[in-house]
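Chemist: This is the structure I want to talk about, given as structure tokens.
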Amino acid sequence: MSDIVPMDAAVQAARRAAAGGEVPVGAAIVRNGALIAVAANAPRRLRDPTAHAEILAIRDACRVLDSERLTGCDLYVTLEPCAMCAAAISFARIRRLYFGAFDPKGGAVEHGPCFFRQPTCMHAPEVYGGINERECAALLTAFFRDARERAG
């Protein structure tokens, strides 16, 4: 399976998030070649600070698999996960994490606390960053530029 197909689903979810006024982040979870969950950022819509795309996708995938563990699943997300999402990825036992844009300010995988490299991290997925990076970063740049112009 190509990395582009699930990342395309995540990008489309990110576009839906942006259309709804949310920070454009999307996530998709794949198991055995099948897309089992796709989610868009929704903290504002759901009035829930934990409603990041990764968390919502993990919740949906757990329901689909009827399990609290997502062993054998791969997560594709348009932005480097934050510390909260990195912890959820670890707790869910995600096999591989693929992300698009790097996040030097809020990311916790390659930046900040580098969550998966901490001795207290019980499970670290394989990590692949920069998947479809330009498109993912462009979504975020346009969203925040437009927000500044509206506020301006």
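Chemist: Mind listing just one residue for me: the one in region 86-98 that is under 13 Å from Ala28 (Cβ atoms) and not in a loop (DSSP other than H, G, I, E, B) and, of those, most open to solvent (accessible area, probe 1.4 Å)?
Modeler: Of everything passing the filter in region 86-98, Arg96 is most open to solvent (accessible area, probe 1.4 Å).
Yes/no matrix, rows are residues, columns are (1) crowded, with 21+ Cβ neighbours inside 10 Å; (2) at pLDDT 95 or above; (3) more than 15 Å from Val127 (Cα to Cα):
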site	(1), (2), (3)
Val25	yes, yes, yes
Ile36	no, yes, yes
Glu54	yes, yes, no
Ala61	yes, yes, yes
Leu70	yes, yes, yes
Pro81	yes, yes, no
Met84	no, yes, yes
Gly106	no, yes, yes
Val109	yes, yes, no
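Chemist: I need a count of the residues in region 68-83 that are under 11 Å from Glu54 (Cβ atoms) and either in contact with a His (Cβ under 6 Å, 6 or more places away or on another chain) or not in a loop (DSSP other than H, G, I, E, B) (or both).
Modeler: 5
Chemist: So the check is Cβ under 9 Å with 6+ separation or different chains; which pairs have a first residue in region 133-152 that's modelled with pLDDT of 95 or more and a second one that's among the acidic types (Asp, Glu)?
Modeler: Partner pairs satisfying both residue conditions: Leu140/Asp103; Phe143/Glu22.
Chemist: Could you count how many residues in region 25-53 are in contact (Cβ under 8 Å) with a residue 24 or more places away in the chain, within 14 Å of the chain's Cα centre (by Cα) and not in a loop (DSSP other than H, G, I, E, B)?
Modeler: 10
The values are calculated or read from the model by the stated rules, or taken from the named source; none is laboratory data. Because the structure is predicted, anything quoted here is derived from the model rather than measured. Heads up, the Cβs are rebuilt from the backbone with ideal geometry, glycines too, and the neighbour counts pull from every protein chain shown. Quick note on the areas: whole protein, heavy atoms, side chains included, nothing else; ligands and nucleic acids left out. Shrake-Rupley method; radii C 1.70, N 1.55, O 1.52, S 1.80 Å.
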